[in-house]
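Let me begin by presenting the structure, written as structure tokens, before commenting on it.
Only the coordinates and a few stated rules stand behind these numbers; no lab work does. If you're wondering where the values come from, they're calculated on a predicted model, not measured in any experiment. Neighbour counts run over all protein chains shown; Cβ positions are idealised from the backbone, glycine included.
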Amino acid sequence: MDDIYLVEIRLGRTRWRVNRLVNAIAATYVIVPFMERHPHVTLFGPFEPEDGTTEETILDAIGRVASRCGPVPFLIGPFERREGMHGGVLAFSVIPSGPLTALTRGLVAALLPLTRTRNAWDSSPDLKWYHVTIANRLDRVTADLACADLTGTSPERPPGRLRACLFRLGVRARTALHAGSRHPARPLLIDESGLRITVLHGETILAEYDLLDKRWITNDHRQSGTGWQATLARFRQHAGFELCSPRVPEPGDALLIADLHLGHANIIRYCSRPFFFPDPAGMDRVLIANWNAAVPPGTRAYHLGDFRYGRDALPEDAYRSRLTGDITFIAGNHDTPRTDTPASALIEQDGLKFFLVHDPADAPAGFDGWVIHGHHHNNDLAAYPFVDFVHRRINVSAETAGYVPVSLAALCRLIRYRTETGNPASVLLNYPSPGED
């Protein structure tokens, strides 16, 4: 292993959520020895360098490519199973963005001349399978069974007594996966952004290239350190998740957001928020500053439930007093009942009707307008994306909204444009994501 190198993007804000699911799957199918302990997307390798190629030469080649890149977005998607070089691979699929595929092509061009041996697919980057490994080196039967259970499909049927044994294991697996914690077997559909390129030499991190700071990091690679906190802060500003200047709303506009969960440390992990865990105070500072930058005094604004949460959160009025605007607070399932917090509201804008409610299941049947809601966060983006044009639902949970209150006037323009063009495709998030035009 001393001569083997690997270039990858390790998961950042989604790491806890993916690790939690990987551990549950590995334990259920008794494949813990084969599970991936550092979920990542491979960019190049593993490879052996040509004789005489130094580590400095390798890093220089990677750095020249990486210096032209910013954060690299991608979507982590459904379960997949393929045959690898050393057995079955169970993985999350990855839907790459243009920046991810461009980075991969650049690394291939830079590193191929420096390598003696490599993976076969590194010579054909346009055919690359982007994925996040759950477990590899699996025997075919185990890989087929696990994938079939997780995807709800039928594996190729093994013969006789083995089939009966696998059926019993499958029943136990489904029971365990669905009983342990909140929907642990649900496939992911969540956005991630690679902020650093990690270079491994053997099993050890040689260096990481910070795509925001444009420099190599050779000492502290922990995601629990101050360096990672600084990287996250720069990413929030780069992505628009932390506003650096006030916004001026249109006359008569209204701003909406749900599920701030102020004071709630665990929401950072549960919903892969781009904040440092466990630091709810840092998250609160950014979310409140974003609100005040987007909602000037006197501007209509609506918070659609789950305003604060957790035993360490401040009293609700302590948070309310820090927000500007003419605010209506809609009640959420985690909110303490108050006489000034209605369960819903009906508003109109530009000739369109909107029903505001925390949980879309509480909207009136047959409502002929649009339902704006929260509650689902980014936990089921396939069913509850930012805008669902088929079911006329808009999910303004903080994660799907981009951590900034959303303009109702902008939503009206989007609805009218999509109606005129006849395009029913959902908008997954209120910020650019791979797979969307």
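Relative contact order of the chain, please, whole-number percent, based on alpha carbon pairs below 8 angstrom and at least 6 residues apart.
15 percent.
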Fill in: Scaled radius of gyration (Cα, divided by 2.2 N^0.38 Å) that the range 241-421 gives
0.97
Discussion item. Residues of the range 406-430 with the amide nitrogen closer than 20 Å to a label point 7 Å from the Cα of ARG247, along Cα-to-Cβ, please.
Written reply: 406-418, 427-430
Discussion item. Using Cα springs under 10 Å in a Gaussian network model of the chain, which residue among ARG13, ARG137, ARG273 shows the largest mean-square fluctuation?
Written reply: ARG137
Worksheet item: With each run of n ≥ 4 DSSP H residues scored as -39500 (n - 2.57), what mean residue ellipticity at 222 nm is computed for the chain after dividing by its residue count and rounding to the nearest 500 deg cm²/dmol?
Response: -9000 deg cm²/dmol
Discussion item. How big is the dipole moment of the range 325-378 about its Cα centre under a simple scheme where the beta carbon of each Lys and Arg is +1, that of each Asp and Glu is -1, and everything else is neutral? Debye, nearest 20, please.
Written reply: 100 debye
Practice prompt. Would you mind computing Rg(Cα) / (2.2 N^0.38 Å) for the range 5-234, counting N as its residues?
Written response: 1.08
Worksheet item: Pick from GLY227, GLY282, GLY366: which residue has the top mean-square fluctuation in a GNM of the chain where Cα pairs under 10 Å get a spring?
Response: GLY366
Discussion item. Which of TYR319, TYR403 has the fewest other C-beta atoms within 10 Å, and how do the rest follow up to the most?
Written reply: TYR319, TYR403
Worksheet item: In a Debye calculation with equal point scatterers on the alpha-carbon sites of the chain and no solvent, what is log10 I(q)/I(0) at q = 0.09, 0.14 Å⁻¹?
Response: -0.65, -1.32
Worksheet item: Roughly how big is the chain's charge dipole about its Cα centre, with Cβ charges of +1 (Lys, Arg) and -1 (Asp, Glu), in debye to the nearest 20?
Response: 820 debye
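Pulled fully out, how much extra length does the chain show between HIS391 and THR226, if you take 0.36 nm times their separation in residues and subtract their Cα-Cα distance?
55.0 nm
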Fill in: Length released on extending from THR117 to ASP350, taking residue separation times 0.36 nm less the Cα-Cα span
77.7 nm
Response to the item:
Computed about the Cα centre, the charge dipole of the range 241-421 from +1 Lys/Arg and -1 Asp/Glu charges at the Cβ has a magnitude in debye, to the nearest 20, of 220 debye
Practice prompt. Highest first, please rank the peptides 80-89, 192-201 by the mean number of other Cβ atoms sitting within 10 Å of their residues.
Written response: 192-201, 80-89
Discussion item. Using Cα springs under 10 Å in a Gaussian network model of the chain, which residue among ASP350, ASP279, ASP380 shows the largest mean-square fluctuation?
Written reply: ASP350
Response to the item:
The farthest towards the positive end of the charge dipole of the chain, of the residues PRO360, LEU114, TYR209, given +1 on Cβ of Lys and Arg and -1 on Cβ of Asp and Glu, is PRO360
Discussion item. Of all beta bridges DSSP finds with both residues in the range 241-421, what is the antiparallel percent, to the nearest 5?
Written reply: 35 percent
Worksheet item: From the residues ALA61, VAL199, ALA331, which one has its Cα farthest along the dipole of the chain in the positive direction, the dipole being from +1 and -1 charges on Cβ of Lys/Arg and Asp/Glu about the Cα centre?
Response: ALA331
Fill in: Simple spin-label estimate for ASN333 and THR419 in nanometres, 7 Å along Cα-Cβ
3.1 nm
Worksheet, complete the sentence: Quick calc: nm separation of the 7 Å Cα→Cβ label points for ASP279 and ASN219 -> 1.8 nm
Discussion item. Please compute the length gained on full extension between ASP51 and ASP362, using 0.36 nm multiplied by the number of residues separating them and subtracting their Cα-Cα distance.
Written reply: 105.3 nm
Worksheet, complete the sentence: Descending packing, highest mean Cβ count within 10 Å first, for 371-377, 111-117 is 371-377, 111-117
Worksheet item: Distance in nm between label sites at THR204 and ALA410, each 7 Å beyond Cα in the beta-carbon direction?
Response: 4.7 nm
